[in-house]
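Enquirer: First, the structure itself, so that you have it in front of you.
The values are calculated or read from the model by the stated rules, or taken from the named source; none is laboratory data. Every value quoted in this text rests on a predicted model; they were computed, and no experiment measured them. Note that each Cβ is placed from the backbone with ideal geometry, even for glycine, and that neighbours are counted across all protein chains shown. Side chains included, ligands, DNA and RNA excluded: accessible areas come from the protein's heavy atoms. Shrake-Rupley method; radii C 1.70, N 1.55, O 1.52, S 1.80 Å.
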Amino acid sequence: MPLDTTSYEIPVARSAADLREAVTAWREDGHTVALVPTMGALHAGHISLVELAKQKADRVIVSIFVNPTQFAPNEDFSAYPRTEAADAEKLEGKANLIFAPDAADMYPDGFSTTVSLTGVTEPLEGTFRPTHFAGVATVVAKLILRAMPDIAIFGEKDWQQLMVIRRMVTDLDIPVEILGGPIMREADGLAMSSRNVYLSPEERKAAGQLNIILRETAESVAKGTPISKATAEGGKRILALGFDKLDYLEIRDAASLSAYADDKPTSPARILVAAKIGKTRLIDNMPV
Ligand code: AMP
């Protein structure tokens, strides 16, 4: 398949061969390359990562791939928003290439390999989405190996994912620098997410309070409240807002995501939350 240069202003590679050809040409001209992996439905959070990529490298690839293997059967894979034309428009002047393979190109018949990590994948998201990180690690390994960028950029919005990817790249000696970009938020502090479009106006209002409870819980622990007391209190407040289920509200070591034995942070810590409101599951995190 040739590089698609007619659909949008930015060229689109749909196969690994086309992607490699474009990257090889850039390399021959001495350019450095950054990759920003996404599932599309781009918002200002994604664009901030693309802008960071542009500052750090000469050429920027944005991949758009709704990866089926990171969704469990009961999750929103088929409902996940797909807005390629609008995404391409948002990337104009910011990215040099879109990589948008289809599932058969990424996972052809006979595909048999999974990249799975222990430790950092196990708590938090790992408890509630037990197959998620194997899907993420496998697809990110493939995207990095296909693009061979100097830098790959991920959002702190998915903090545990960022830690998983750092671990994988270290463990497998993948020669790429992993950079994290800060969380972009709406005016009321709600972390931007492609899933926010699922929220009803009433749910959207409650969702905007989640970051405030997160911050207040972190502040309380920073002032000396035991973690278990502060998170129990914060959890109650989240449910009182109208959230239907709290998957977790926890304070953990920011890098390893291990829990604190003494009920107080003894290393750089992070507060992380996942909660469901209606049919939407929201996650957020911040430093303690
Ligand atoms: P997704 O398309 O949701 O898989 O996200 C693609 C990348 O964008 C991931 O590295 C996310 O962590 C990042 N991202 C998503 N939302 C935000 C946000 N609000 N601020 C910064 N980065 C984000």
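Enquirer: For region 126-237, with only Lys/Arg (+1) and Asp/Glu (-1) charged at the beta-carbon, what is the dipole magnitude about the Cα centre, in debye rounded to 20? Let's see the in-between values first.
Expert: Details: 15 positive and 13 negative charges, 61 e Å.
With only Lys, Arg, Asp and Glu charged at Cβ, the dipole is about 300 debye.
Enquirer: Please work out the FRET efficiency for the pair LEU145 and ARG185, using the Cβ-Cβ distance as r and a Förster radius of 41 Å; give the result to the nearest 0.05. Could you put the intermediate results ahead of the total?
Expert: Values: r = 33 Å, r/R0 = 0.80.
Step by step, r from the Cβ atoms, then E = 0.80.
Enquirer: Gain in length, ASN74 to THR131, computed as 0.36 nm per residue apart minus the alpha-carbon separation, to one decimal in nm? Kindly include the intermediate steps, with their values, before the conclusion.
Expert: Details: separation 57, 0.36 × 57 = 20.52 nm, distance 1.18 nm.
Going from the current span to full extension adds 19.3 nm.
Enquirer: Taking LYS276 as the anchor, which aspartates and glutamates have their alpha carbon closer than 15 Å to its alpha carbon, excluding any fewer than eight residues away along the same chain?
Expert: Within the straight-line limit of under 15 Å, LYS276 reaches these aspartates and glutamates: GLU75, ASP76, GLU125, GLU202, GLU203, ASP244, ASP247, ASP284.
Enquirer: Which value, in debye to the nearest 20, gives the size of the charge dipole of the chain about its Cα centre, when Lys and Arg are +1 and Asp and Glu are -1 at the Cβ?
Expert: 720 debye
Enquirer: Over region 12-181, what is the mean sequence separation of C-alpha contacts under 8 Å (at least six apart), divided by residue count, expressed as relative contact order in percent? Walk me through the numbers before you get to the answer.
Expert: Working: 261 pairs, mean separation 48.9, N = 170.
Result for region 12-181 is 29 percent.
Enquirer: Keeping all protein chains in place, calculate the accessible area per residue for region 194-287 (probe 1.4 angstrom), answer in Å². Could you put the intermediate results ahead of the total?
Expert: On the way: 4560 Å² over 94 residues.
About 49 Å² of surface per residue is accessible.
Enquirer: In this model, which of LYS94/LYS205; LYS205/LYS264; LYS205/LYS245; LYS223/LYS245 are farther than 24 Å apart at the alpha-carbon? Don't jump to the answer; show the numbers that get you there.
Expert: Details: LYS94/LYS205 32 Å; LYS205/LYS264 32 Å; LYS205/LYS245 16 Å; LYS223/LYS245 28 Å.
Exceeds cut-off: LYS94/LYS205; LYS205/LYS264; LYS223/LYS245.
Enquirer: Tell me the label-point distance for the pair LYS205, ARG20, using the 7 Å Cα-to-Cβ offset, in nm and rounded to one decimal.
Expert: Result: 5.5 nm between the two label points.
Enquirer: Excluding same-chain residues fewer than 8 positions from LYS142, which aspartates and glutamates have a Cα within less than 20 Å of its Cα?
Expert: Within the straight-line cut-off, LYS142 pairs with ASP18, GLU21, ASP102, ASP105, ASP109, ASP150, ASP158, ASP171, ASP173, GLU177.
Enquirer: A follow-up question, please. Please find the FRET efficiency linking ALA232 to LEU3, where r is the Cβ-Cβ separation and R0 is fixed at 41 Å, and quote it to the nearest 0.05.
Expert: Working: r = 55 Å, r/R0 = 1.33.
For ALA232 and LEU3, the calculated efficiency is 0.15.
Enquirer: Give the calculated FRET efficiency between ILE212 and ASP29 to the nearest 0.05, with a Förster radius of 51 Å applied to their Cβ-Cβ distance. Mind dumping the intermediate values first?
Expert: Values: r = 48 Å, r/R0 = 0.95.
Rounded to the nearest 0.05, the efficiency is 0.60.
Enquirer: Place a point 7 Å from the Cα of ALA240 along the Cα-to-Cβ direction; which residues of region 203-222 have their backbone N under 19 Å from it?
Expert: Within reach of a label on ALA240, which here means backbone N under 19 Å from a point 7 Å along Cα→Cβ, region 203-222 contributes 203, 205-221.
Enquirer: Right, next: What are the aspartates and glutamates whose alpha-carbon lies under 14 Å from the alpha-carbon of LYS229, with same-chain residues fewer than 8 places away excluded?
Expert: Within the straight-line cut-off, LYS229 pairs with GLU216, GLU219, GLU250, ASP262, ASP263.
Enquirer: Give the value in nm², to one decimal: projected area of the alpha carbon convex hull of region 194-287, averaged over all directions.
Expert: Values: hull surface 23.2 nm².
Average of the hull's projected areas for region 194-287 equals 5.8 nm².
Enquirer: Taking all protein chains in place and a 1.4 Å probe, what share, in percent, of the accessible surface of region 145-194 do carbon and sulfur account for? If you can, show how the numbers build up before the last one.
Expert: Working: 1100 of 2080 Å².
Percent of accessible area from carbon and sulfur atoms in region 145-194: 53.
Enquirer: Picking from TYR260, TYR107, GLY126, whose Cα lies most toward the positive end of the charge dipole for the chain (charges on Cβ: Lys, Arg +1; Asp, Glu -1)?
Expert: Towards the positive end, the residue furthest out is TYR260.
Enquirer: Over region 12-181, with the other protein chains present, what is the accessible area per residue in square angstrom, probe 1.4 angstrom? List each step's numbers first, then the result.
Expert: Values: 7200 Å² over 170 residues.
Here the residues of region 12-181 average 42 Å² of exposed surface.
Enquirer: Taking a quarter of the surface of the convex hull around the Cα atoms of the chain, what do you get in nm²? Please list the in-between numbers first.
Expert: Numbers: hull surface 62.0 nm².
Averaged projected area of the chain's Cα convex hull equals 15.5 nm².
Enquirer: Using only protein heavy atoms and a 1.4 Å probe, report how much of THR225 is accessible, in Å² to the nearest 10.
Expert: Surface open to solvent at THR225 totals about 40 Å².
Enquirer: Order 101-108, 41-48, 124-131 from most to least packed using the mean count of other Cβ atoms within 10 Å. Spell out each step's value before the answer.
Expert: Values: 101-108: 14.1, 41-48: 19.5, 124-131: 17.1.
Output ranking for 101-108, 41-48, 124-131: 41-48, 124-131, 101-108.
Enquirer: Let me have the 222 nm mean residue ellipticity of the chain computed from DSSP H runs of 4+ only, each contributing -39500 (n - 2.57), with the sum over all residues rounded to the nearest 500.
Expert: Details: 9 runs with 106 residues, N = 288.
Per the formula, -11500 deg cm²/dmol.
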